1. Restricting to the stretch 305-330, and then to whatever is assigned to a loop (DSSP other than H, G, I, E, B) and of a type in the set (D, E, K, R), can you tell me which residue is nearest to Tyr194 (Cα to Cα)?
2. Looking only at the stretch 187-201, filter to residues that are within 10 Å of the ligand (Cβ to nearest atom) and under 21 Å from Ile177 (Cβ atoms); which one of those is surrounded by the most Cβ atoms within 10 Å (Cβ to Cβ)?
3. Which of the strands (runs of 3 or more DSSP E) contained wholly in the stretch 24-105 include at least 1 residues that are more than 21 Å from Val164 (Cα to Cα)?
4. Quick one: which of Arg220, Arg178 is out of contact with any Ser or Thr (no Cβ under 6 Å at 6 or more places or on another chain) and in contact (Cβ under 8 Å) with a residue 60 or more places away in the chain?
5. Take the conditions crowded, with 20+ Cβ neighbours inside 10 Å, of a type in the set (Ser, Thr, Tyr), modelled with pLDDT of 95 or more and in contact with a Leu (Cβ under 6 Å, 6 or more places away or on another chain) and apply them to Tyr255. Does it pass?
6. In the stretch 110-128, what residues are in a strand (DSSP E or B) and touching a residue at least 60 places away in the same chain (Cβ under 8 Å)?
7. Going by the conditions given, is Ser272 within 15 Å of the ligand (Cβ to nearest atom) and either surrounded by 16 or more Cβ atoms within 10 Å (Cβ to Cβ) or within 17 Å of the chain's Cα centre (by Cα) (or both)?
8. What are the residues in the stretch 129-156 that are part of a loop (DSSP other than H, G, I, E, B) and on the phi < 0 side of the Ramachandran plot, if any?
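The values are calculated or read from the model by the stated rules, or taken from the named source; none is laboratory data. Everything numeric here is computed off the predicted structure, so don't read it as measured data. When we count neighbours, we look across all protein chains shown, and the Cβ atoms used for this are built from the backbone with ideal geometry, even at glycine.
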Amino acid sequence: MDMTIRPRRLRGNELLRKMVRETRVDASSLIYPIFIKEGSDIKEEIPTMPGQYRYSVDRMGEKLQSLLDAGVKSVMFFGIPDQKDEVGSGAYAENGIIQKALRQAKRDFPGMYLITDVCMCEYTSHGHCGILAKSPQETVDNDRTLELLAKTAVSHARAGADMVAPSDMMDGRVAAIRAALDEEGFLNVPIMSYAVKYASAFYGPFRDAAGSAPAFGDRRSYQMDYHNSREGIKEALLDVEEGADIIMVKPAMSYLDMVTKIKEVTDVPIASYSVSGEYAMIKAGAQLGYIDEEKIICETAISAFRAGCDIYLTYFAEEIAKYIREGRIG
Ligand code: PBG
C-alpha cells in the first residue's frame with residue numbers, strides 16, 4: 001500500500017506560523033539597564049560594551065527619550081559615583097548619583113517606570129557588594145551591610161524609584177529592605193530580588209563599565225556557584241518568603257534552566273537578566289562578521305521568554321522594541 005507521510009509540524013505560510021506561535025514578546029516586558037555617571041555633559045562609550053554609554057544626569061534624557069520612542073518604558077539605574085569609601089556612603093547619600101538621576105527622570109519622564117539596582121559594589125573603595133568585616137579581614141559583614149542596603153533602598157524610593165532591585169546577595173536583605181520601605185510608608189514599592197545570581201565571568205564588561213571590580217578576592221562567598229541548581233531554588237523560595245515580589249535569574253543565556261525551574265516552584269513573576277558579557281559577545285561576534293546581530297538578538301531574547309521569564313532585562317531593549325514594532329520578532 002502506498003503511504004503518504006503527513007508532515008508532523010504545521011506547514012504553511014508566515015500567517016499560520018504566527019497564529020500558532022507559543023512565545024510572544026511585548027516591549028512592556030523589557031527593562032533597559034542604564035549607567036549614570038557623576039559629572040556633566042557626559043556620554044562616553046563603554047569600551048567593552050560598544051554601543052552602550054555612561055551618561056551624566058544632564059544627558060541621560062537623550063537615551064530615555066529614544067527608549068520611549070521605541071516603546072521601552074522601564075529602566076534600571078546603575079550609578080557611577082565620583083568618590084568611593086569603605087562604607088559605600090554614596091549609595092545612600094541624599095545627593096548621590098542615583099538619587100539625582102531619579103529626581104530628574106521622574107520630573108522629565110513621568111511616564112517611565114524607574115527601577116534601581118541596590119548594591120554597594122559601585123560605591124565601596126574595595127569594590128565588594130557589602131562592607132567588610134573587622135575580622136576576619138577580607139570577608140563581607142552580612143548583617144551590618146543589611147542596614148546600609150535598607151537605607152539605600154529607602155533613599156531611592158524617596159527620590160522617586162518605582163521599584164528596587166537588590167543585587168548584593170547578602171542573606172536577609174529582602175526582609176530588611178521590605179521592613180524599612182514599609183516603615184517609611186513605601187508599601188507600594190515592590191522588590192525585584194536578584195535571588196538567583198551566579199558568580200559569573202559574564203559580568204566582566206559591567207565591572208569595567210561601572211568600575212566595580214573587587215580590589216581583592218572575588219564574589220564567590222556571596223554569589224552562587226554555577227554548578228548548582230537546587231541551591232538556586234532554595235534562594236528563590238527564601239526571598240519570596242522574605243517578601244520579594246519578583247525573582248530574577250542572572251545571567252540569562254547560560255541559566256535559562258533556572259528560569260524554568262523557578263517558575264515551576266513559585267508564583268511570582270520571573271525576570272531574566274541578559275548581562276554585559278552576553279551583550280559583549282554578540283556585539284563582538286557581529287562586528288567580526290561571524291554572526292548576524294539582529295537574528296542572534298531575537299533568538300536569545302525569545303529563548304529567555306520561552307524558558308518562562310516574564311521580564312527580560314537587556315542592553316538590547318531598544319533594538320528588540322524596534323524589531324517588535326516592525327514585526328520582525330515576536
Ligand atoms: C552589582 C551588579 C552587577 C551586575 C548587576 N548588578 C555586577 C556584579 O555583581 O559583579 C552585573 C550586570 C551585568 O553584567 O550586565 N552587584
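1. From the stretch 305-330, those assigned to a loop (DSSP other than H, G, I, E, B) are 308-310, 315-316, 326-330; that's our starting set.
Among the residues that remain, those that are also of a type in the set (D, E, K, R) are: 310, 326, 328.
Numbers: Asp310: 14, Glu326: 32, Arg328: 30 Å.
Step by step, filter the stretch 305-330, then rank; the result is Asp310.
2. Lys197
3. On the way: elements: 30-37, 43-45, 53-56, 74-80.
Because the criterion is at least 1 residues that are more than 21 Å from Val164 (Cα to Cα), the strands (runs of 3 or more DSSP E) in the stretch 24-105 that meet it are 43-45, 53-56.
4. Details: Arg220 fails: in contact (Cβ under 8 Å) with a residue 60 or more places away in the chain.
Of the residues listed, the single one that is out of contact with any Ser or Thr (no Cβ under 6 Å at 6 or more places or on another chain) and in contact (Cβ under 8 Å) with a residue 60 or more places away in the chain is Arg178.
5. Numbers: crowded, with 20+ Cβ neighbours inside 10 Å: yes; of a type in the set (Ser, Thr, Tyr): yes; modelled with pLDDT of 95 or more: yes; in contact with a Leu (Cβ under 6 Å, 6 or more places away or on another chain): no.
Answer is no for this residue.
6. Residues of the stretch 110-128 that are in a strand (DSSP E or B), as a first pass: 113-118, 124.
Once the filter is applied, which keeps residues that are in a strand (DSSP E or B) and touching a residue at least 60 places away in the same chain (Cβ under 8 Å), the stretch 110-128 yields Ile115, Asp117.
7. On the way: within 15 Å of the ligand (Cβ to nearest atom): yes; either surrounded by 16 or more Cβ atoms within 10 Å (Cβ to Cβ) or within 17 Å of the chain's Cα centre (by Cα) (or both): yes.
Yes.
8. Going residue by residue through the stretch 129-156, those that are part of a loop (DSSP other than H, G, I, E, B) are 129-131, 133-139, 141.
The answer is Cys129, Gly130, Ile131, Ala133, Lys134, Ser135, Pro136, Gln137, Thr139, Asp141.
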